[in-house]
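The values are calculated or read from the model by the stated rules, or taken from the named source; none is laboratory data. These figures come from a predicted structure and were not determined experimentally. Quick reminder, even Gly has a Cβ in these numbers, built from the backbone with ideal geometry, and neighbours come from all protein chains shown. The protein model used for the area step is the full one, side chains on, heavy atoms only, and it has no ligands, DNA or RNA in it. Shrake-Rupley method; radii C 1.70, N 1.55, O 1.52, S 1.80 Å.
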Amino acid sequence: MSGLNLTVRVHPVVLFQVVDAFERRNADSHRVIGTLLGSVDKGVVEVTNCFCVPHKEHDDQVEAELSYALDMYDLNRKVNANENVVGWWATGNEVTNHSSVIHEYYARECNNPVHLTVDTSLQSGRMGLRAYICIQLGVPGGKTGCMFTPIPVELTSYEPETFGLKLLQKTVTVSPAHRPKTVAPMLDLAQISEAATKLQSLLDLILKYVDDVIAHKVTPDNAVGRQLLDLIHSVPHMTHEQFTQMFNANVRDLLMVITLSQLIKTQLQLNEKLTFLPTA
């Protein structure tokens, strides 16, 4: 498969590890590199993990601890055998002269390695994320070279990662002096209430956009219109009574599960206390 047809999907844990490695770098290091781990399926490179590789860059050469990279990869394979080498990452917002040398090593480790750059300096006001693949250039029988070509990259996350990110966002608006060290997960009913409030605000935003388009205040966007149409078609057609009945049934099921879990917890605590009672 041609590398130009690839799409890169990066999980949040990868960005956290890149930032952590950048913050822990040596004082004389201006750039940090590492290995990307994940899987490739149907033209989609899903990056789920990564680790840092110690290296030093000089004007004419690059020194990297390849034995350390191999040991880290072997250890990771023992934990998650489904994660393979899919490329490498580097901090910064551009491809440097040494990138082609590093890319040659990863080209021996996997097919069509992906190069991911993460702008930890926040030059554009946010953490820029770019993905590249290396295209070979040259003429038959002559000198060959390579050119880093951008490919699409996007952020994705599993449901547990999304839940963790939402908990982290609760501390963003809090001042450092009053910022808590831990954040406890919310109760189920509290999550439902917060989700309903957020859904209401999003619906108000959509209605405002539609009203502005009808009033010719905003130029209509065909992509947004198609997404709204798909959203409307995805909503099941039911009457108000049917929706109320379905909602009440789900609430009763949720309350029943909560009651049973509390009863089981109480029974286990009672059994633990009875076990330690002295026998006559």
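Relative to the longest principal axis of the Cα atoms of the chain, the long axis of helix 12-23 makes an angle of roughly 60 degrees. Amide H to amide H distances under 5 Å link V44 with T7, where only residues 5 or more positions off or on other chains count and H is placed in the peptide plane.
Against the chain, whose longest principal axis is taken from its Cα atoms, helix 240-275 shows a tilt of about 90°. Rolling a 1.4 angstrom probe over region 26-123 with all protein chains present gives an accessible area of which 45% lies on carbon and sulfur atoms.
Pick from L255, L165, L270: which residue has the top mean-square fluctuation in a GNM of the chain where Cα pairs under 10 Å get a spring? Taking springs between Cα atoms under 10 Å, the residue moving most is L270. Computed from Cα positions, the angle between helix 66-79 and the longest principal axis of the chain comes to roughly 30 degrees.
Here the Karplus relation 6.51 cos²θ - 1.76 cosθ + 1.60, evaluated at θ = phi - 60°, turns the backbone of region 201-217 into coupling constants of 5, 5, 5, 4, 5, 5, 4, 5, 5, 5, 4, 5, 5, 5, 7, 6, 8 Hz, with x for every Gly and Pro. Label positions at T96 and S261, each projected 7 Å from the Cα along the C-beta direction, are separated by 4.9 nm. Among beta bridges identified by DSSP and lying wholly in the chain, the antiparallel ones come to about 70 percent. For region 84-96, putting each phi into the Karplus relation 6.51 cos²θ - 1.76 cosθ + 1.60 with θ = phi - 60° gives couplings of 10, 6, 10, x, 8, 10, 8, 7, x, 10, 8, 8, 9 Hz, in residue order, rounded to whole numbers and with x for Gly and Pro. Taken over region 7-159, the convex hull of the Cα atoms encloses 137 Å³ per residue. With R₀ fixed at 51 Å, the C-beta to C-beta distance from H233 to F276 puts the FRET efficiency at about 0.25. Excluding same-chain neighbours fewer than eight residues apart, no aspartates and glutamates are reachable from K273 by a Cα-Cα span under 16 Å.
Distant-in-sequence amide contacts of C146, defined by a placed amide H-H separation under 5 Å and a gap of 5 or more residues or a different chain, comprise L137.
The Kirkwood radius of region 1-87, taken over pairs of alpha-carbon atoms, gives through the Stokes-Einstein law at 37 °C and 0.692 mPa s a diffusion coefficient of 231 µm² s⁻¹. Over the chain, dividing the summed -39,500 (n - 2.57) contributions of all DSSP H runs of at least 4 residues by the number of residues returns a 222 nm mean residue ellipticity of -15000 deg cm²/dmol. Were the residues from T244 through D211 laid out at 0.36 nm apart, the gain over their Cα-Cα distance would be 9.0 nm. Simple spin-label estimate for V85 and Q169 gives 3.7 nm between the two label positions (7 Å along the Cα-to-Cβ direction from each Cα). Sparsely packed loop sites in region 1-95 (the trypsin sites (Lys or Arg not before Pro) outside DSSP H, G, I, E and B with at most 13 other Cβ atoms within 10 Å) comprise R24, K42.
Surface analysis of region 60-171 yields an accessible area of 63 Å² per residue, using protein heavy atoms and a 1.4 Å probe.
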